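Asker: Quick one: the structure is below, questions incoming.
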Amino acid sequence: MLNRHARGFFTALFTPLARWLLKIGVSPDAVTVIGTAGVVVGALVFYPLGQLWWGTLFITAFIFSDVLDGIMARLRDTGGRWGNFLDSTLDRIADGALFAGVAIWFFTGGADHAIAVAAMLCLVLGMVVSYARSKAESLGFTANVGIAERAERLVSVLVVTGFTGLGLPPVVLLATLGLLALASLITIIQRVATVHRQAFAESAASD
């Protein structure tokens, strides 16, 4: 939902920057790699040190590269399977680093194992959400359904983690992660059910 409603706004916002970067010779792939590296540094350096607010600001500065590289690829008319593969692969790395950074802090200095476990659940279930869709598409099915899209997961965890660093009660972060884990689980079930229906309809049609 967030992806659909925000796409037009962010495209208009970042198109001038995308044009300038292309003009000076920066490629969409370079933006993808640099953006992922920034998210990983913010999540695995700032968060484990307990710098939840500054880590979130650092990550936010890089996370919009996921929008910027797509705009650049469309402007240069170089979007294709390679760019899609690179972007999706590095997205999984960034997502894993984000939840891992939260888990590391709360397993150590943050001393809240419930939050740490919830973060790890979000990490694992989020990966399965992505895998279910990619595997379905590789088999010729569609699985673009579910209530836990990537944008919603990222915005939720970043906003609440950042404000936790400013004094928001940790229980709010725990509740947010718990809801994200539940939403991811529901999304997995929705995608499995969707592919199951398509597979059986295909089988019935071939009989």
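Asker: For Ile186, only one of the following conditions fails: (1) open to solvent by 30 Å² or more (accessible area, probe 1.4 Å); (2) in contact (Cβ under 8 Å) with a residue 24 or more places away in the chain; (3) in contact with a helix residue (DSSP H, G or I) (Cβ under 9 Å, 6 or more places away or on another chain); (4) not small (Gly, Ala, Ser). What is its number?
Answerer: Failing condition for Ile186: (3).
Asker: Quick one: would you say Ala205 is at pLDDT below 95, small (Gly, Ala, Ser) and open to solvent by 30 Å² or more (accessible area, probe 1.4 Å)?
Answerer: Details: at pLDDT below 95: yes; small (Gly, Ala, Ser): yes; open to solvent by 30 Å² or more (accessible area, probe 1.4 Å): yes.
The answer is yes for Ala205.
Asker: Which of the helices (runs of 4 or more DSSP H) found entirely inside segment 26-133 contain at least 3 residues meeting this: open to solvent by 30 Å² or more (accessible area, probe 1.4 Å), farther than 23 Å from Gly162 by Cβ and in contact with a Leu (Cβ under 9 Å, 6 or more places away or on another chain)? Steps first, please.
Answerer: Values: elements: 28-41, 52-63, 65-76, 81-107.
Passing ranges, in order: 28-41.
Asker: Would you be able to say whether some residue in segment 139-149 is part of a loop (DSSP other than H, G, I, E, B) and hydroxyl-bearing (Ser, Thr, Tyr)? Give the steps one after another, and end with the answer.
Answerer: Looking only at segment 139-149, we keep the residues that are part of a loop (DSSP other than H, G, I, E, B), and these are 139-149.
From what's left, hydroxyl-bearing (Ser, Thr, Tyr): 142.
Yes, the conditions are met somewhere in segment 139-149.
The values are calculated or read from the model by the stated rules, or taken from the named source; none is laboratory data. No experiment lies behind these values; they were computed from the predicted model shown. Virtual Cβ from ideal backbone geometry, glycine too; neighbours counted across all protein chains shown. Note: accessible area is taken over every heavy atom of the protein model, side chains too, but ligands, DNA and RNA are not part of it. Shrake-Rupley method; radii C 1.70, N 1.55, O 1.52, S 1.80 Å.
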